[in-house]
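The next block holds one structure in the form of structure tokens; read it before the comments.
The numbers here are math on the coordinates, done by the rules we state, and not lab data. Quick caveat: nothing in here was measured; it's all calculated off a predicted structure. All Cβ positions, glycine included, derive from the backbone under ideal geometry; neighbour counts span all protein chains shown.
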Amino acid sequence: MDVSQKSLKTMISNTKLTKKEEEIAEYILNNVREACLVTSIELAHRLKVSNATVVRFPKKLGFSGYSDFQKYLREQYYDKSLAISDDVTIPSERLKLSYDKVIQSDLLNDNLKILEKNIYSISEKNSSEEFNKAINYIIDARRVYILGSRARTGLTEIMGVFLNQIIDHVVINSQQSFTPFDSLASCSQDDCVLIFSFPRYSEVDFAAAKMAKEINAKVVIITDKATAPIAHFADVLLLVSVDSNAFFNSYTPVLFLAELICTHVSRATVAHSEEKLERINKHISQFGMY
């Protein structure tokens, strides 16, 4: 039974439940946020029913178990109640929607839950094979170009600093005096181009990815969905959700993914990384440039 596209009310109304199970259903419908967080034992204690009854309830609805049911609840609640639809991309419109939601929400906890969901999306949307392929492209490349526009320039700077400390020939395009095309003019098929691209999807990023592909460089795209305009240029497509209940995208999960990549690259090149870090540290220590 495919329950992912069905509403909770529909599932409950189409299922024959015992009196105790009806109590569980009514509680969850009225307290979806709490139900996303509590264990089956905690829920059983609150409703004064057995844990077995709570565990049996989601199975009757068609779920494989209680954890599968909770995952569904989180997706329904946080996708539809907290995070603003990614169909709304204009900042002023997102700001208005975020204000309407914040009035009725616990801002800190809601943001933490959205952030948790976004970070978990990394493991849910990407296979280890894709991740390792991206790592190998970076390690084997003659040069690594890191590109991103506007708010993504911060991501390129941070990832560029980390990668440059462990491997050679990292090129960061974040200076206003240089366009991505200036940087990619020296790119070749022996290089790797990594591009951050998120809504509203800059056409400059799109053009840069197209240019890198025409050069036959290895292209690693980090974006939010497989249908992103830039996605079809990717040799490796790494996905991460940037949902938020604010007028801007949440880039903390993207930074987490960038750090994860840098960690794996450093471990795969440990001898060279250690030597280079020691050289850098010798000089920055003289000036306290930490």
Q: Between LYS19 and GLU130, take the C-beta separation as r, use R0 = 51 Å, and let me know the FRET efficiency to the nearest 0.05.
A: 0.55
Q: Find how much the distance from ALA226 to HIS272 grows on full extension, using 0.36 nm per residue of separation minus their present alpha carbon separation; answer in nm with one decimal.
A: 13.1 nm
Q | Alpha carbon centroid spacing (whole Å) that separates the stretch 135-155 from the stretch 3-79 | A | 44 Å
**Q.** Reachable lysines, given that their alpha-carbon falls under 17 Å from the alpha-carbon of LYS125 and they are not under 8 places away in the same chain
**A.** LYS71, LYS117, LYS133, LYS225
Q) Can you give the relative contact order of the stretch 126-287 as a percent, counting alpha carbon pairs under 8 Å and 6+ residues apart? A) 24 percent
Q: Quickly work out the ARG200-to-PHE181 label distance, labels modelled 7 Å from Cα along the C-beta direction, and quote it in nm with one decimal.
A: 2.2 nm
Q | Segment PHE248-LEU29, length gained on full extension (0.36 nm per residue, minus Cα span) | A | 75.8 nm
Q) Can you give the extra length, in nm with one decimal, that the chain gains between HIS169 and ILE280 once fully stretched, where that is 0.36 nm per residue apart less the Cα-Cα distance? A) 38.5 nm
(Q) Just to check I understand the Karplus step: with θ = phi - 60° and J = 6.51 cos²θ - 1.76 cosθ + 1.60, what whole-Hz values come out for the stretch 35-50, glycine and proline as x? (A) 5, 5, 10, 7, 6, 4, 5, 5, 5, 4, 5, 5, 9, 6, 10, 6
Q. By per-residue mean of other Cβ atoms within 10 Å, what is the highest-first order of 28-41, 60-73?
A. 60-73, 28-41
Q) Where a ≥ b ≥ c are the square roots of the eigenvalues of the C-alpha gyration tensor, would you call the stretch 169-226 rounded, which needs a/c under 1.5, or, failing that, prolate if a/b is larger than b/c, or oblate? A) oblate
Q: Rounded, prolate or oblate: pick one for the stretch 210-290, where a ≥ b ≥ c are the square roots of the eigenvalues of its C-alpha gyration tensor, a/c under 1.5 means rounded, and failing that, prolate if a/b is larger than b/c, else oblate.
A: oblate
(Q) Between GLU116 and ARG46, what's the calculated FRET efficiency when r is the beta-carbon distance and R0 is 35 Å? Round to 0.05. (A) 0.95
